Every structure is written in C-alpha cells, then in structure tokens.
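Report on the structure given below.
Each reported figure results from applying straightforward, stated rules to the coordinates on display, with no laboratory input. Note that the structure is a prediction, hence the values are computed from the model and not measured. A quick note on method: Cβ atoms are made from the backbone with ideal geometry, for glycine too, and the neighbour counts reach across all protein chains shown.
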Amino acid sequence: MIRLSKIWKTYEMGTQKLHALQDVSTTIEQGEHLAIMGPSGSGKSTLLNIVGCLDQPTSGEYFLDGEDVAQLSDDDLAEVRLRKIGFVFQSFHLIPRLSALANVALPMVFAGVPAAEREERAREAIDSVGLADWSDHKPAELSGGQKQRVAVARAVVMRPGLLLADEPTGNLDSASGRQVLDILCGLNQQGITLITVTHDPNVARLAERVMVLTDGAILREVEGRKVSTLDDLFSPVASGARDELA
C-alpha cells in the first residue's frame, strides 16, 4: 500500500519558489489501478518520480508498504527500486546494443540473479508480452509497439508489486497502444498495483480511479468509468468530483 501525506515539492529559482506539488495526500491500495491526469507542468511526472523513489519531496510523508521512505538510505532506495517497483517510460529506454532478451534480463544482472535463472525468467517475461520470436532482435529492428512491450517485460521481470507507467502509449499508434494497455491491465488483474500518467481519457477510463492534478495540487478524483473528456475533468462543476470518492 502507498500512503502520501501532505507532499510538497518546491524548487528554488533565485528568489522565486516553484511549487511542483502542493499538499498532495492520497492512499493507493495494493492491486489498485490509478491514472494521473493533468496539463503539462501540473506535477504528474514529479509525483510519479516521488512514488517511484527517484526523487524525494521537499516536505510531507511517503510510506511504501508501511515503510517511511524518507528514512531509507541511498542503497536502500536503490534496492526498493530494483525489487519492488517496475518502470515503463514513453521513450522505452532500451539499450541499443543489447538484444530484446538481454534488455529484459538487465535488472536481474544488477540483482545478482544467476545466469541460468536470468535467461529462463527473461524468456518467460518476453513470451508473456508476445515477443518470443523477437527475443534476439535489437531495438533498432523492432517497431515502437514492440519496443514498449520489451520495456514492459523488463519492468516486471523482477516481479515487482508496483508498476509505474509514464505516458506508456504516447509514442505509439492506436493498435500498438491498445496491445500495451491490454498487457498492463492484465498485469494489474494479476495483482500488481498500476499507476499510469496519461493525457488520454481513453487510457484513464481503464483505471479504477483517476487523480486530476493542476498546478501541483489535486483538483479532484473521479472513477475511471466517469471520465469522458478533458474539458469535463477540468470543469469546476465536473461530475464525479473528489468528494464523491471520500
């Protein structure tokens, strides 16, 4: 379970202060699917980075599985990122010189998993995203959708309980995006907590809950099925407002 309490992220710019996040509080249950929406600069990626232990808040509390993240050392945080959290980014972040299989296996190298087990688990992961026949291909030989499926396989090969996806379909055509979303939703149905940052209402509708950010603060939270258009979400009289979920 994730618990965020009064999270602020502030950047000093000369004599000015920029509040990337303002007083963000929420709880995300194990196995939940949460989508985060908002305009550019609203704090979506900043919040995802804090949840993923890639960044730390200026103030506030973050508990992951009952553990106060602020009390963890750098080595502890690295271990949390390696073993508890999977990351999927819009731009894939695959290593060009490595095959798809080797890219998937890479987290296990850092975790010290024996070579034979690494190959077995990497092949299982790449097969689970429908790319068994492409395991020896390098990223330059793969389509955008295939690259993202490799990235998903890499993100879950360490069997994390939490999967963070930042605009996972942003660089994909609709058909490839649908394949990736089906895989992500399938992983969520298997019990993985899924948090997705998106601009797309069609992606947000797949989530149980949608958090809408503006200027670093939570504007409202709605049920995914109630998401229709972006205008509705940012309207001051939008249906399904945060109070309805309280």
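Structural remarks
- Only beta bridges with both residues in the chain are counted; by DSSP, about 55 percent of them are antiparallel.
- 0 to 90° range, to nearest 10: angle between helix 115-128 axis and the chain longest Cα axis: 60
- Dipole orientation for the chain: of the candidates LEU98, PRO160, LEU194, LEU98 has the Cα lying most toward the positive pole (charges on Cβ; Lys, Arg +1; Asp, Glu -1).
- Three-way shape call for region 83-202 based on the alpha-carbon gyration tensor, with the a/c threshold at 1.5: oblate
- On Cα atoms only, tilt of 100-110 relative to the major axis of the chain in degrees: 70
- Sorting the segments 53-60, 193-200 by their mean number of nearby beta carbons within 10 angstrom, highest to lowest, gives 193-200, 53-60.
- Highest mobility in the GNM of the chain, judged by mean-square fluctuation with C-alpha springs under 10 Å and restricted to LEU184, LEU213, LEU82, is found for LEU82.
- Simple label model, 7 Å out from Cα along Cβ direction - ASN202 to ASP68, nm: 4.6
- For the chain, lysine pairs with C-alpha atoms less than 17 angstrom apart, excluding pairs fewer than eight positions apart on the same chain, total 4.
- Most fluctuating residue given options ARG97, ARG159, ARG209, as computed from a GNM of the chain linking Cα atoms under 10 Å: ARG97
- Computed over the chain, Kirkwood Rh from alpha-carbon pairs, angstrom: 18.7
- With Cα atoms, 0 to 90° folded angle of helix 174-189 axis to the chain main axis: 80
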